[in-house]
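The values are calculated or read from the model by the stated rules, or taken from the named source; none is laboratory data. Keep in mind the model is a prediction, meaning the values are calculated, not measured. FYI the Cβ positions are ideal-geometry reconstructions off the backbone, even for glycines, and counts take in every protein chain you see.
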Amino acid sequence: MQESNKYDGLSWITEDIRNQLLKRDKIVEEQDIESLFQLADNSDFSIALHEILVNKYEKSPDNLNPIELNLFLAMHLENAGQADSILSFLQEWFPQYSDRVISSLKEIGAIKSSEIIMKAVEILPKDGSWFFISANEEEQNLMGKYDSEFSNYPDGNIRDLYRQYADKNRNEILKTKH
């Protein structure tokens with residue numbers, strides 16, 4: 001008899017997809033770096049890596065080394081751009097990293113994205129106050145434009161960039177800080 005899992009109630013999911021999801025969940029749970037890098041699909045790789053980095057960050061933000069932080073920030077910014085807006089990342093989720101995420105994007109090879117985010121950061125209130133309180137109509141339109149440009153993946157498939165960057169820096173991923 002097959003073991004029950006959290007994907008059993010999803011009638012639309014195939015057995016192959018269910019097994020892939022369970023495999024990815026196990027990689028995340030065990031922080032299995034070898035199995036992570038054996039994932040062939042860059043989406044699965046990025047999702048698993050992101051979940052691992054989130055878990056590590058939640059234990060302590062200082063746990064992430066510079067390579068991991070670059071990936072963590074770029075992945076969160078992408079999520080903000082797709083689910084809500086880049087402004088959510090820049091002012092609500094991680095305002096302390098609004099400048100750092102620009103260099104993180106450059107590091108992973110998302111040059112066009114970094115230029116867009118740099119323009120967005122430039123129009124944020126310097127005192128950290130909420131953007132829509134002090135922004136004029138032109139600045140609000142610009143922020144909307146930057147959000148749209150960023151969300152359209154100007155550097156191509158960003159998950160491919162995550163994978164390339166992680167592969168290049170594999171020895172630094174999930175390395176324990178001493």
Checklist outcome for this item: When Phe132 is run through (1) among the aromatic types (Phe, Trp, Tyr); (2) more than 30 Å from Ser35 (Cα to Cα); (3) crowded, with 17+ Cβ neighbours inside 10 Å, the failure sits at (3)
Checklist outcome for this item: Scanning the range 140-178 residue by residue, those crowded, with 17+ Cβ neighbours inside 10 Å and over 17 Å from Leu73 (Cα atoms) turn out to be Met143, Tyr146, Glu149
Checklist entry - If we keep just the residues of the range 80-102 that are without any contact (Cβ under 8 Å) to a residue 24 or more places away in the chain and under 14 Å from the mean Cα position of the chain (by Cα), which is surrounded by the most Cβ atoms within 10 Å (Cβ to Cβ)? => result Phe89
Next on the checklist: Is it the case, given these coordinates, that Leu124 is over 19 Å from His50 (Cα atoms) and touching a residue at least 60 places away in the same chain (Cβ under 8 Å)?
Outcome noted: no
Checklist entry - Limited to the range 35-44, what total is found for residues that are surrounded by fewer than 14 Cβ atoms within 10 Å (Cβ to Cβ) and at pLDDT 90 or above? => result 1
